[in-house]
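Here the structure is laid out as structure tokens; the discussion comes afterwards.
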Amino acid sequence: MLGLAADRLRADMNRLLSFLFHQGILDEQFLQLQQLQDETSPNFVSEVVNIYFHESEKLLRNLRSLLMDREFSDYNKMGIHLNQFMGSSSSIGAKRIRNVCLAFRAASDQNNRAGCLSALEVLEHEYCFLKNKLHELFQIQQQRVLAAGVRYPMQH
Amino acid sequence: MSGNGASSSSLNMISGEDVVNNNLTALVVDDSPLLRLLHDIHLKKYGLKVQVAENGKVAVDLFHLGASFDLVLMDKEMPVMNGVEATKELRAMGVTSMIVGVTSKDGPGEQQAFMEAGLDYCFEKPLTPEIIGILLEELNKHNKKD
């Protein structure tokens, strides 16, 4: 029974990952992250992703703060934030977010404030979606570890 | 090996899968904690001893204090001192480490300006294990010649 639970969870995890890759939300860079995880750094992926969440939320706040300023004109500063967001998104394989950042940066390069606002809305939406999906993925992984642990109780 | 403005396309595309070197040292210069961690882990997997710096000034100060590294991964956009300025300063100090620029998706003109500061190579973020392996192959080749 417990073996079936672990198998079902693994299937759920694979289905979710397939969805994320197929929809272009993640790319192969995420697989590279998973390959870096081993017994010496068993929580590597979740640690990296949590740092990404922390950095991203700070950058999103900065971008919104810039654009909400009525006298905003520092598109150079916006470009710096976007470059950071692109770099970190590429590093974890957040492909769709990176692509939105590219479109956002194009609007910023043209000093197109309306375009930037529109791109920010999309970026915030995509970020929330990715965060929820990755939380779901990590939850499944945790449950899988627990199910596997219960399956092999320690012999005394 | 001093900066010679070589482009990334001049690297020999040799697989670096089996390159593990316990003698090489690296400095990762990036203002993003995420990129610092990622590159740190990647390089340690290849057996390098790694230090990190959060901007170009910290990196330059390390060299001023007498530190030396075989490989420097240099982010371009950083506060306090950016990668272009830091690279120029390191080359002016006579630093001959392999300096590899790491950038976001820049226009070709911006990457060229970074190369002209004294980089050996320049790549888009993030560096893949394949690229790191190839860089280490190049480093090992140059160390054998010295």
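The values are calculated or read from the model by the stated rules, or taken from the named source; none is laboratory data. No experiment lies behind these values; they were computed from the predicted model shown. No Cβ is skipped: glycine too gets one built from the backbone with ideal geometry, and neighbour counts run over all protein chains shown.
Can you confirm whether the stretch A:101-115 contains a residue that is under 22 Å from A:ASP27 (Cα atoms), basic (Lys, Arg), part of a helix (DSSP H, G or I) and at pLDDT 95 or above? Within the stretch A:101-115, none of the residues are under 22 Å from A:ASP27 (Cα atoms), basic (Lys, Arg), part of a helix (DSSP H, G or I) and at pLDDT 95 or above.
What are the residues in the stretch A:14-64 that are in a helix (DSSP H, G or I) and of a type in the set (Asp, Glu), if any?
Hits for the stretch A:14-64 are A:GLU28, A:GLU47, A:GLU55, A:GLU57.
For the stretch B:1-49, the candidate set comprises residues that are away from chain A (no Cβ under 14 Å) and at pLDDT 90 or above; within that set, the residue that is surrounded by the most Cβ atoms within 10 Å (Cβ to Cβ) is B:ALA26. Which of the residues that make up the stretch A:22-35 are within 13 Å of chain B (Cβ to nearest Cβ) and in contact (Cβ under 8 Å) with a residue 12 or more places away in the chain? A:ASP27, A:GLU28, A:GLN29, A:PHE30, A:LEU31, A:GLN32, A:LEU33, listed by residue number. All conditions in (1) within 16 Å of the chain's Cα centre (by Cα); (2) surrounded by fewer than 18 Cβ atoms within 10 Å (Cβ to Cβ); (3) within 13 Å of chain B (Cβ to nearest Cβ) hold for A:ASP38, with the sole exception of (1). Tell me, please, whether a residue that is more than 13 Å from chain B (Cβ to nearest Cβ) and of a type in the set (D, E, K, R) can be found in the stretch A:45-52. There is no residue in the stretch A:45-52 that is more than 13 Å from chain B (Cβ to nearest Cβ) and of a type in the set (D, E, K, R). Taking the criterion of being without any contact (Cβ under 8 Å) to a residue 12 or more places away in the chain and either in a loop (DSSP other than H, G, I, E, B) or β-branched (Val, Ile, Thr) (or both), the residues of the stretch B:117-144 that qualify are B:THR128, B:ILE131.
Restricting B:VAL95, B:VAL58 to residues that are more than 14 Å from chain A (Cβ to nearest Cβ), closer than 17 Å to B:THR25 by Cβ and either in a helix (DSSP H, G or I) or modelled with pLDDT under 90 (or both) narrows the list to B:VAL58. Beta carbons closer than 6 Å, at least 6 apart along the sequence or on distinct chains, never pair a first residue in the stretch A:44-71 that is surrounded by fewer than 16 Cβ atoms within 10 Å (Cβ to Cβ) with a second that is modelled with pLDDT under 95 and part of a loop (DSSP other than H, G, I, E, B).
Here is a yes/no grid of residues against (1) of a type in the set (Val, Ile, Thr); (2) under 26 Å from A:LEU102 (Cβ atoms); (3) more than 15 Å from the chain's Cα centre (by Cα):
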position	(1), (2), (3)
B:ILE41	yes, no, no
B:GLY47	no, no, yes
B:GLN51	no, no, no
B:LEU73	no, yes, no
B:VAL95	yes, no, no
B:GLN112	no, yes, yes
B:ASP120	no, no, no
B:LYS141	no, no, yes
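The condition of being in a loop (DSSP other than H, G, I, E, B), crowded, with 18+ Cβ neighbours inside 10 Å and among the aromatic types (Phe, Trp, Tyr) holds for only one of B:PHE114, B:PHE69, that being B:PHE69. Of all residues in the stretch A:59-90, those satisfying the criterion of being under 10 Å from the mean Cα position of the chain (by Cα) and within 8 Å of chain B (Cβ to nearest Cβ) are A:SER88, A:SER90. Condition test on B:THR87, is it at pLDDT below 95, touching a strand residue (DSSP E or B) at 6+ places or on another chain (Cβ under 7 Å) and either buried (at least 20 other Cβ atoms within 10 Å of the Cβ) or more than 25 Å from B:LYS141 (Cα to Cα) (or both)? No, not satisfied.
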